[in-house]
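Let me begin by presenting the structure, written as structure tokens, before commenting on it.
The values are calculated or read from the model by the stated rules, or taken from the named source; none is laboratory data. Everything numeric here is computed off the predicted structure, so don't read it as measured data. Quick reminder, even Gly has a Cβ in these numbers, built from the backbone with ideal geometry, and neighbours come from all protein chains shown.
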Amino acid sequence: MSNLSPEPAVRAARMGLLARAPAARLAQLFPDLPAHDWLRAPEIGAVMLRGRMGAVGAPFNLGEMSVTRCVLRLSDGRVGHAHVQGRDKDHATRAAALDALMQGPEAGRIEAEVLAPLRAEEAARRRQRAERAAATRVEFFTLVRGED
């Protein structure tokens with residue numbers, strides 16, 4: 001499955017990567033926004049987070065999280081959507097612009113120059129977190145004694 005595929009799961013994964021990316025790093029990799037019109041200007045709101053005990057219990061409200069969402073249209077008619085955690089309107093705008101650009105001929109360039117570095121950096125962060133967690137792991141074992 002190619003990252004340039006229009007399949008909904010691939011697009012959702014790409015939008016998730018853009019939403020999780022550090023805003024400053026995204027701005028560094030993609031500093032210049034294309035010309036666009038707002039279909040929904042960036043707006044800040046909240047979503048209710050729900051959880052389950054043990055992933056199987058009854059759902060419960062965990063709490064609220066602030067999010068910023070927007071929808072924009074490029075001059076050629078492509079539409080980009082974004083939802084990002086927090087209150088960063090620039091982050092949401094960049095994510096939406098990249099979502100729109102990935103639907104056209106710039107997709108290969110955007111994949112190589114923006115998405116691939118973000119994906120590699122996210123994988124490195126996850127590896128580091130796993131290594132720190134593994135360093136604190138305690139192995140318990142029981143010696144079997146030769147009792148009759």
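Restricting region 98-107 to residues that are touching a residue at least 12 places away in the same chain (Cβ under 8 Å) and out of contact with any strand residue (DSSP E or B) (no Cβ under 6 Å at 6 or more places or on another chain) leaves a set whose member that is surrounded by the fewest Cβ atoms within 10 Å (Cβ to Cβ) is Gly104.
Working only within region 23-37, note down all residues that are free of Cβ contacts under 8 Å to residues at least 60 places away in the same chain and either over 13 Å from Lys89 (Cα atoms) or in contact with a His (Cβ under 8 Å, 6 or more places away or on another chain) (or both).
Residues of region 23-37 free of Cβ contacts under 8 Å to residues at least 60 places away in the same chain: 24, 28, 31-32, 35, 37.
Answer for region 23-37, where residues must be free of Cβ contacts under 8 Å to residues at least 60 places away in the same chain and either over 13 Å from Lys89 (Cα atoms) or in contact with a His (Cβ under 8 Å, 6 or more places away or on another chain) (or both): Gln28, Pro31, Asp32, Ala35, Asp37.
Please verify whether region 21-32 includes one or more residues that are exposed (fewer than 10 other Cβ atoms within 10 Å of the Cβ) and closer than 25 Å to Arg78 by Cβ. Taking every residue of region 21-32 in turn, at least one turns out to be exposed (fewer than 10 other Cβ atoms within 10 Å of the Cβ) and closer than 25 Å to Arg78 by Cβ. Mind listing whichever residues of region 17-37 are touching a helix residue (DSSP H, G or I) at 6+ places or on another chain (Cβ under 8 Å), under 15 Å from Arg87 (Cα atoms) and either assigned to a loop (DSSP other than H, G, I, E, B) or at pLDDT below 95 (or both)? Correct list: Ala21 only. Being assigned to a loop (DSSP other than H, G, I, E, B), modelled with pLDDT of 95 or more and either over 14 Å from Ala21 (Cα atoms) or not small (Gly, Ala, Ser) (or both) holds for only one residue in Arg69, Arg40, Arg87, Arg94, and it is Arg87. Taken together, the criteria place Arg87 among residues that are more than 18 Å from Leu118 (Cβ to Cβ) and surrounded by 13 or more Cβ atoms within 10 Å (Cβ to Cβ).
In region 108-117 there is no residue that is buried (at least 17 other Cβ atoms within 10 Å of the Cβ), touching a residue at least 60 places away in the same chain (Cβ under 8 Å), part of a loop (DSSP other than H, G, I, E, B) and out of contact with any His (no Cβ under 8 Å at 6 or more places or on another chain).
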